[in-house]
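Visitor: Can you keep this structure in mind? I'll have questions shortly.
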Amino acid sequence: MRRIGIVDTTFARYDMGSTAEDELRKMGTGFKIIRRTVPGVKDLPVAAKKLIEEEGCDIVIALGMPGPKPIDKQCAHEASQGLIMAQLLTNTHIIEVFVHEDEAKDEKELAWLADRRAREHAQNAYWLLFKPEKLRKMAGTGQRQGFEDVGPIEGKSGMRH
Amino acid sequence: MRRIGIVDTTFARYDMGSTAEDELRKMGTGFKIIRRTVPGVKDLPVAAKKLIEEEGCDIVIALGMPGPKPIDKQCAHEASQGLIMAQLLTNTHIIEVFVHEDEAKDEKELAWLADRRAREHAQNAYWLLFKPEKLRKMAGTGQRQGFEDVGPIEGKSGMRH
Amino acid sequence: MRRIGIVDTTFARYDMGSTAEDELRKMGTGFKIIRRTVPGVKDLPVAAKKLIEEEGCDIVIALGMPGPKPIDKQCAHEASQGLIMAQLLTNTHIIEVFVHEDEAKDEKELAWLADRRAREHAQNAYWLLFKPEKLRKMAGTGQRQGFEDVGPIEGKSGMRH
Amino acid sequence: MRRIGIVDTTFARYDMGSTAEDELRKMGTGFKIIRRTVPGVKDLPVAAKKLIEEEGCDIVIALGMPGPKPIDKQCAHEASQGLIMAQLLTNTHIIEVFVHEDEAKDEKELAWLADRRAREHAQNAYWLLFKPEKLRKMAGTGQRQGFEDVGPIEGKSGMRH
Amino acid sequence: MRRIGIVDTTFARYDMGSTAEDELRKMGTGFKIIRRTVPGVKDLPVAAKKLIEEEGCDIVIALGMPGPKPIDKQCAHEASQGLIMAQLLTNTHIIEVFVHEDEAKDEKELAWLADRRAREHAQNAYWLLFKPEKLRKMAGTGQRQGFEDVGPIEGKSGMRH
């Protein structure tokens, strides 16, 4: 049975980890979910790597909600670099799900966005693990997680499948 | 017996290392504390890694107080990147506790903030090591270290536990 | 038979992966193409590394189309750092083909640019793998991928070959 | 006998390497100094790592004087990241001593600053190697290298030693 | 016989690789030059690492000419980080020779600058490999590659050699 890790933070203002778990369970079966929670986004990289190397996870979803200040942006940047390095050191995908507080116009939209993005990235994680051909067919189609998809651009096209 | 490393700097203007040590001792027993002090925040990453690999620490608290100038911000950024890399190379959490001098309106508030943040992150370190389920229950609840928690946002919720 | 990996994203708004594949097939034979699609540019580094280490690819073309916002620029920056690290950890070239949405004045030009750049970098990948002396002869000649080549500058010259 | 590496640059406008060496010899005995000079600050990381791994140095002092232009600042940033990585790969401290040309109001002050900072960091290196308890007692006391120490802030204190 | 690697780009607008080769041959004998050309600066790190690990080069000169746009500056930054990492992973010097297009006031000066900087850094590479004591004597003397040396600053001096 495959293992999917979910790691989130106490800093986030919405329980995106539980949302991702809920969505995964709607997607299918055949996997076990292992959850961890850390203080902030900069604690995510090593937590994700430990889920992979110590708990045998085949993929990890790492969720965080960086604040609106410049220092928060920098923390998110450092966390993203760490998550990429963690993936390179383990040859395992870690799906980063960050929702910046200032992406939404108010708290209600922020909650909606966090919920939606967590769900759409949970779907991405599921497909990467179980149905990579599903993503393959969506190549170059302008998918977005949270806000509406922008779609493909018109114009001279390479051959499509 | 578990080992908790504490590393701080001579650059900082408040003895956050001793504060963290004091808070840890209030939290419980069953651990030994090993302390180191380095000149500045950029010396923290290797010091933390040595505490883990040479002194057998199971977790490290790394404390620093970057100055208010752009070069200080850049040093803090480089130090943070290094602390994340040190964690990835050791599969061990290093809790970064940085207090930027310009976060507080005067020296009195700065001292209060440094004390408070060091204590709250010492609690995070303790929980990560001994009671991860405690953090797990605080997922997505808007915790902050130092200033007041912002709390969770209202709105459509994933399922909570 | 050599193996060329192609990895692109569902975030991109043009199917650059298929364009690259089409161009490669026009260049010659003697290679097998292995394709993967991931959600966004930050998922490219580990996907490329897996193509090299798990699928035996001798070179990889990684294609993405970062959006126009500052956060998109930062994602592209993190992805580029990761792609360089992936190359260093595998001693294998990964040709990055990024087209920023704001490089073109409208969607029509964007489609043209994405198509053109993907093709010209597919040629670079082919030459790196099969005809490195072809690139060697173009050293210092101001080649660009997509928009027109700027060409070499006039002036006192080192000896040319 | 312990070995202390000193590496500096031809780019710097003051012989900080010799200053550091002079200060070390005033501090005590029981160590051998090994010196290297490289073109610029970006050449320092590998030079420091070679001093550690090929010459057996127990600590290294890396000195540079970045220019005042944005590109110089970026070079210094890249060099600092490299120096931190070199430390993490060797579990050995490398004390970075950078003096930015625009930190001083004129050349006379710049020379004074370069001399003073090199000396104070040479002291840090000596203490890290031979008397770590000396640094331990200065934790949180607002030490600066070059310009005057800012000292500790007043306010509610953790327990001091 | 020692091996010196030279890697440059098709993106550059001046054949700096040939200039570096020409200068090296004027410096002396006892080495073999191995050349590679890649598309852009971000392809330099892995190419340099391959020259070291697969072709046995004892030092590498990596030459590039980043464009004047912000994205070009970012590419150069990423390439520099990669070149430093490549050095750390091989314990081998890679001399970075970047000429930014906007450093010169016109194409004529740009050609002069590219030629001059390539030559002066080729000298640095030669000295690092064969005569490190030559660089050692120039420590802190304000050397520049391309434009005129700025020289050492006056003032209180450490002891010189």
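The values are calculated or read from the model by the stated rules, or taken from the named source; none is laboratory data. All figures in this text were calculated on a predicted structure; none of them were measured in a lab. Note that each Cβ is placed from the backbone with ideal geometry, even for glycine, and that neighbours are counted across all protein chains shown. Accessible surface is based on the protein model in full, side chains and every heavy atom, while ligands, DNA and RNA are left aside. Shrake-Rupley method; radii C 1.70, N 1.55, O 1.52, S 1.80 Å.
Visitor: Could you work out the Kirkwood radius for segment C:43-161, taking every pair of different alpha carbons, averaging 1/r and inverting it, reported in Å?
Guide: On the way: mean 1/r = 0.0628 Å⁻¹.
Averaging 1/r across every pair of different Cα atoms and inverting gives 15.9 Å.
Visitor: GNM, chain B, Cα, under 10 Å: largest mean-square fluctuation among B:P70, B:P132, B:P39?
Guide: In the Gaussian network model the winner is B:P70.
Visitor: For the protein assembly as shown, with every protein chain kept in place, what is the accessible area per residue (1.4 Å probe, Å²)?
Guide: In whole numbers, the protein assembly as shown has 37 Å² accessible per residue.
Visitor: For the interface of A with C, what's the total buried accessible surface in square angstrom, probe 1.4 angstrom, rounded to the nearest hundred?
Guide: For A against C, buried area totals roughly 3300 Å².
Visitor: Roughly speaking, to the nearest percent, how much of segment E:2-137's 1.4 Å accessible area is carbon and sulfur?
Guide: Heavy-atom surface of segment E:2-137 belonging to carbon and sulfur, 1.4 Å probe: 48 percent.
Visitor: Can you tell which of C:I52, C:I34, C:I61 shows the greatest fluctuation in a Gaussian network model of chain C with Cα springs below 10 Å?
Guide: Maximum fluctuation in the GNM of chain C, among the listed residues, is at C:I34.
Visitor: Sticking with this one: Whole-Hz Karplus ³J(HN,Hα) for segment D:92-99, in order, using 6.51 cos²θ - 1.76 cosθ + 1.60 and θ = phi - 60°, x for Gly and Pro?
Guide: Karplus values, whole Hz, x for Gly and Pro: 9, 6, 10, 7, 7, 10, 10, 10.
Visitor: For D:I33 and E:T29, FRET efficiency with R0 = 56 Å and r from the beta-carbon atoms, rounded to 0.05?
Guide: The pair E:T29/D:I33 has a calculated efficiency of 0.95.
Visitor: Scan segment D:2-94 for GluC sites (Glu not before Pro) in coil per DSSP, keeping those whose Cβ has at most 10 other Cβ atoms within 10 Å, and list them by number.
Guide: Passing both the DSSP loop test and the Cβ count: D:E54.
Visitor: Given the convex hull of the Cα atoms of segment D:31-86, what is a quarter of its surface area in nm²?
Guide: 3.8
Visitor: Within segment D:2-137, what percent of beta bridges assigned by DSSP are antiparallel, to the nearest 5? Mind dumping the intermediate values first?
Guide: Numbers: 0 of 17 bridges.
Of the beta bridges lying entirely in segment D:2-137, close to 0 percent run antiparallel.
Visitor: Which helices of chain D meet both criteria: a Cα extent of 15 Å or more along the helical axis and a mean Kyte-Doolittle score no lower than -1.0, with helices taken as whole DSSP H segments?
Guide: Flagged H segments are D:16-27, D:70-90, D:107-130.
Visitor: Running a GNM on chain B with Cα contacts under 10 Å, which residue among B:G56, B:G67, B:G28 ends up with the highest mean-square fluctuation?
Guide: Evaluated over chain B, the most mobile residue of the options is B:G28.
Visitor: Follow-up question, since we're still on this one. Sequence gap of 8 or more, or different chains, plus Cα separation below 25 Å: how many lysine pairs satisfy both in chain E?
Guide: 21
Visitor: Need one number: the % of Cα-Cα pairs in the protein assembly as shown sitting beyond the 34 Å mark. If you can, show how the numbers build up before the last one.
Guide: Working: 165754 of 323610 pairs.
Within the protein assembly as shown, distances greater than 34 Å cover 51 percent of Cα pairs.
Visitor: Evaluate the charge dipole of segment C:2-137 about its Cα centre and quote only its size in Debye, nearest 20, assuming +1 on the Cβ of each Lys and Arg and -1 on the Cβ of each Asp and Glu.
Guide: Magnitude of the dipole: close to 520 debye.
Visitor: When you look at the Cβ of every residue in E:43-50, what mean number of other chain Cβ atoms sits within 10 Å?
Guide: On the way: counts 9, 1, 4, 12, 5, 1, 5, 5.
Shielding by partners across E:43-50 averages 5.
Visitor: Around A:I95, which amide H atoms from residues at least 5 apart in sequence, or from another chain, sit under 5 Å from its own amide H, with H modelled in the peptide plane?
Guide: A:V60, A:I61, A:A62
Visitor: 5 Å is the cut-off here: which amide hydrogens, built 1.01 Å from N in the peptide plane, fall below it relative to B:R35, excluding neighbours closer than 5 in sequence?
Guide: Amide H to amide H, under 5 Å and 5 or more residues apart or across chains, B:R35 pairs with B:I6.
Visitor: Then there is this: Any idea what the D:D22 label distances to the other copies are, label 7 Å down the Cα→Cβ vector, nm, shortest first?
Guide: So the distances to the same position in the other copies read 4.3, 4.3, 7.0, 7.0 nm.
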